[in-house]
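Have a look at the structure below, then the notes.
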Amino acid sequence: MIFDRSIDRKPNMFRDRCQCDIRQACNRQNEKGVPVSEENSSSVRWSVEGRLGRITIGAQGGLSTEDTEFGRCMSAAVRALSDDRAVRAVVLRSAGRVFCAGLDLEQVPGLADARTAQRLLRELNAGFADLAELPKPVVAAVDGAAFGGGANLARACDFIVASEKATFCEAFVRIGLASDVGSLYTLVRRVGHQRARELLMTGRVVGAEEALRIGAVDEVVASDRLEQRADELAGSLADGPPLAMAAIKAGLARSGGMGLRESLALEMDLQATQFASQDFHGAVAAFREKRPFEFDGR
């Protein structure tokens with residue numbers, strides 16, 4: 001997160017600590033060494049390698065942030081990978097020195113106007129929601145700082161694999177803001193209400209091992225194994241049944257706050273539609289005949 005210069009003019013210990021934390025996190029990361037060009041300087045890029053889709057945020061070697069185009073670019077990338085039947089799972093990664101440092105306030109003029117802020121946040125929210133609702137498994141590979149909206153971006157994914165250098169921070173409160181882009185939904189579901197309250201109200205930095213302990217991430221690996229492990233996990237998920245994966249994601253998204261009978265009814269509706277699928281009948285036949293079976297999403 002890069003702060004508005006107008007805020008910087010006034011000393012503020014709370015804000016200054018946040019800036020210091022971010023700078024330290026950035027300085028600890030090794031630049032990945034690929035020059036930025038016009039072709040790869042977009043805030044969000046996507047590609048396909050076999051059955052894996054990749055969404056890459058940030059510029060090579062730079063400080064990954066969310067700019068005014070971020071939400072629209074993320075939505076476009078998600079739509080492209082969702083529509084590609086060959087893509088069975090997605091990996092979200094950053095090309096920058098950190099995973100994502102949140103909103104770049106220096107690129108967002110006029111945020112003091114509530115309507116301007118709402119318009120930007122509406123686009124960001126749409127991008128985050130599209131990523132969370134992508135009907136395919138998504139794995140986030142987090143290396144370095146995931147601050148503010150960057151932490152929420154990771155939590156929009158189904159699984160988070162973090163490097164030992166990863167740090168997380170609900171930095172909004174440090175600059176006088178309530179949370180945005182999904183904290184109240186994704187953080188609470190990850191760590192529970194009271195832990196979310198503490199992280200949101202203190203804005204303290206959480207290291208990788210603590211994040212694993214409290215359930216904020218799923219795995220912690222060495223930095224040099226991060227992308228390999230994220231690809232391994234995504235690859236194993238890509239072997240699974242696409243229709244069932246999509247139904248599981250939809251069911252989990254809708255089930256929060258449901259009672260037992262509502263949950264049972266939801267599961268019944270989701271599963272009943274899959275009994276007619278070729279995947280189900282093929283998998284049952286393969287099980288009976290003791291042979292392998294490959295799902296194809298039909």
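Averaged over residues, the count of other Cβ atoms within 10 Å places the peptides 228-234, 137-143, 247-253 in the sequence 137-143, 228-234, 247-253, highest first. In the stretch 161-276, Cα pairs under 8 Å separated by at least six residues give a relative contact order of 30 percent. The listed peptides 152-159, 175-182, ordered by packing as a protection proxy, come out as 152-159, 175-182 (highest mean of other Cβ atoms within 10 Å first). Considering only A230, Q271, G297, and ranking their Cα positions along the charge dipole of the stretch 172-298 that arises from unit charges at the beta-carbon of Lys, Arg, Asp and Glu, the one farthest toward the positive end is Q271. Under 5 Å from the amide H of L92 lie the amide H atoms of I55, V139, A140, A141, each residue being 5 or more positions distant or on a separate chain, with H modelled from the backbone and absent for Pro and chain starts.
The numbers here are math on the coordinates, done by the rules we state, and not lab data. None of these values were measured; they are calculated from a predicted model. In this analysis, Cβ positions are derived from the backbone assuming ideal geometry, glycine residues included, and neighbour counts consider all displayed protein chains.
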